[in-house]
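Rule-based calculations on the coordinates, nothing more; no lab input. No experiment lies behind these values; they were computed from the predicted model shown. When we count neighbours, we look across all protein chains shown, and the Cβ atoms used for this are built from the backbone with ideal geometry, even at glycine.
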Amino acid sequence: MRSVRRPWSVPVYAGLLAGAAALGGCVTGGLHSSQPPQARYLLSLASVPGAAAASADDSSAAADDLAAARSLRVLLPAAAPGLDGDGIAVLHPGGQLDDYAGARWAAPAPQMVQTLAIESLRRTGHFSLVQSDSAPFEADWVLQLELTHFEADYAQAGPPTVRVGLVATLGQRSARRALMTLTIDTHALAQSNRMHAVVDAFESATRQALRQLDARLAPPGAR
């Protein structure tokens, strides 16, 4: 998990303030905002020792695999209501869905999950090529993801439990048929109510979900 802070940018407003001073008298003081800067968080996969070396050693094998019809396109996940933005979702008792104040994801949640899923599936070696739906190359298999849960749940007293839910459907592009559908649901308890602990729980639950996806998803003959 990494936190990315973006500084405030004021050049556009500087000209407007100068114009206002010229027309209406004077503007005293500086440009201030009562809103705190938004902390932006990015989830990551666990590092794999020796992954770079293994990738280099397997380059010739990967080239041979290109003829094995095992390329995969991962579509941008469809998200449940309230989970399609960059807000860090909070579920309160009674079904009230909100976002944490002063904190956002570095990208909309579906885009971040898509990026992590692609990276994770590439590590498995089950597919010779794994790409997003924006890539220009054709693929033999298509993975449709649904993000059904991606929220911190305060159903119980104390720190929240983060829930990550995925429905993954693997289909063969040429035959336009679904091969399998997987339902994945993982949980991770935050160690405290502090934001970094909640994000760590999101990272843990997301990693669990992707490990399950990696273990259960493969085209026929890939294992």
| request: Look at residue 170 and say whether it is farther than 19 Å from residue 113 by Cα, assigned to a strand (DSSP E or B) and not small (Gly, Ala, Ser). | output: no
| What tally of residues in segment 183-210 results from selecting those that are surrounded by 14 or more Cβ atoms within 10 Å (Cβ to Cβ) and without any contact (Cβ under 8 Å) to a residue 40 or more places away in the chain? | 8
| task | Considering (1) farther than 18 Å from residue 105 by Cα; (2) touching a residue at least 60 places away in the same chain (Cβ under 8 Å); (3) surrounded by 17 or more Cβ atoms within 10 Å (Cβ to Cβ), say which one residue 138 fails and leave the rest. | result | (3)
| Residues (surrounded by fewer than 21 Cβ atoms within 10 Å (Cβ to Cβ) and part of a strand (DSSP E or B)) located in segment 150-162 | 153, 161
| query | From the set of residues in segment 162-179 that are of a type in the set (A, V, I, L, M) and in contact with a helix residue (DSSP H, G or I) (Cβ under 8 Å, 6 or more places away or on another chain), which is farthest from residue 133 (Cα to Cα)? | reply | 162
| task | Look at residue 152 and say whether it is touching a Pro at 6+ places or on another chain (Cβ under 6 Å), over 18 Å from residue 72 (Cα atoms) and hydrophobic (A, V, I, L, M, F, W, C). | result | yes
